[in-house]
1. Being closer than 19 Å to residue 95 by Cα and at pLDDT 85 or above: is that true of residue 155 here?
2. Inspect the range 236-250 for any residue being modelled with pLDDT of 75 or more, in a helix (DSSP H, G or I) and touching a strand residue (DSSP E or B) at 6+ places or on another chain (Cβ under 9 Å) and give the result as yes or no.
3. Got a number for residues in the range 191-235 being over 22 Å from the mean Cα position of the chain (by Cα), outside any loop (DSSP other than H, G, I, E, B) and modelled with pLDDT of 75 or more?
4. Would you point out which residue out of 113, 181, 129 is assigned to a helix (DSSP H, G or I) and in contact with a strand residue (DSSP E or B) (Cβ under 9 Å, 6 or more places away or on another chain)?
5. Where residues in the range 1-42 are at pLDDT 85 or above and closer than 13 Å to residue 99 by Cα, which of them is surrounded by the most Cβ atoms within 10 Å (Cβ to Cβ)?
6. Given the residues 54, 48, 73, 95, which is the only one that is free of Cβ contacts under 8 Å to residues at least 60 places away in the same chain and in contact with a helix residue (DSSP H, G or I) (Cβ under 7 Å, 6 or more places away or on another chain)?
7. Which residues, taken from the range 107-142, are without any contact (Cβ under 8 Å) to a residue 40 or more places away in the chain and either within 22 Å of residue 63 (Cα to Cα) or surrounded by fewer than 16 Cβ atoms within 10 Å (Cβ to Cβ) (or both)?
């Protein structure tokens with residue numbers, strides 16, 4: 001049975017890519033801050049990065065894209081608990097990947113592991129989100145195309161993390177975010193291309209919530225948290241200031257007992 005991935009035109013794919021790139025940009029900036037800050041402050045930034053990439057860059061992107069998905073003549077509903085679980089998985093798995101890539105130093109093994117986990121987070125979120133979709137039809141996937149979609153996610157996520165670990169500067173991190181946004185969008189639409197829908201012989205009642213009933217509030221909530229993270233970045237010391245402070249503390253012997261304590265953002269306590 002034919003399906004339509006662009007039922008409202010190119011509004012949803014373009015918006016989804018912009019959201020994915022923006023979430024990735026914020027997440028990679030937070031990851032860069034985490035590498036400089038270290039300690040508890042670094043852990044705080046990594047948690048924020050996991051939410052920005054997993055919650056906004058992946059989860060929100062997926063369901064914005066799904067707002068443009070339709071099957072002619074068929075009602076589509078979503079399993080709310082499973083949809084929420086898909087968001088949590090994206091955040092947790094991406095967080096683990098970022099942790100490996102950030103604290104593995106120059107190790108290619110840690111970088112590859114981080115890319116594998118982050119890419120797996122993209123893929124697992126996508127297919128779990130698809131499993132949350134209910135309709136009076138059987139949904140199947142082409143294993144070969146599914147494999148390609150997962151490889152796209154892992155490869156592009158690894159490249160984006162390499163940029164984050166090896167380069168500094170907003171422009172370079174922005175380029176990495178565009179790559180990561182492309183990874184998420186490419187994986188999504190490649191995965192959707194593997195999908196086949198076969199209607200049931202006898203229509204059955206479809207349970208669950210309509211997309212607009214619960215996705216809109218969740219997307220708005222996710223967006224508000226993302227804005228909060230962005231404000232935290234803007235109001236905290238810049239990466240350059242953090243590096244200067246780290247160098248200053250190193251010269252004074254930061255490991256001595258008299259070294260100043262830092263707050264949650266890595267700023268010396270006065």
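The values are calculated or read from the model by the stated rules, or taken from the named source; none is laboratory data. Model, not experiment: these values are computed from the prediction. For neighbour counting, all protein chains shown are included, and Cβ atoms are generated from backbone atoms with ideal geometry for every residue, glycine included.
1. It is true that residue 155 is closer than 19 Å to residue 95 by Cα and at pLDDT 85 or above.
2. no
3. Selection size over the range 191-235: 7.
4. Result: 129 is the single residue among 113, 181, 129 that is assigned to a helix (DSSP H, G or I) and in contact with a strand residue (DSSP E or B) (Cβ under 9 Å, 6 or more places away or on another chain).
5. Going through the qualifying residues, I end up with 27.
6. 95
7. 107, 108, 109, 117, 120, 124
Every residue, every condition in (1) within 26 Å of residue 26 (Cβ to Cβ); (2) under 14 Å from the mean Cα position of the chain (by Cα); (3) touching a residue at least 60 places away in the same chain (Cβ under 8 Å), yes or no:
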{"site": "90", "(1), (2), (3)": "yes, yes, no"}
{"site": "145", "(1), (2), (3)": "no, no, no"}
{"site": "155", "(1), (2), (3)": "yes, no, no"}
{"site": "163", "(1), (2), (3)": "yes, no, yes"}
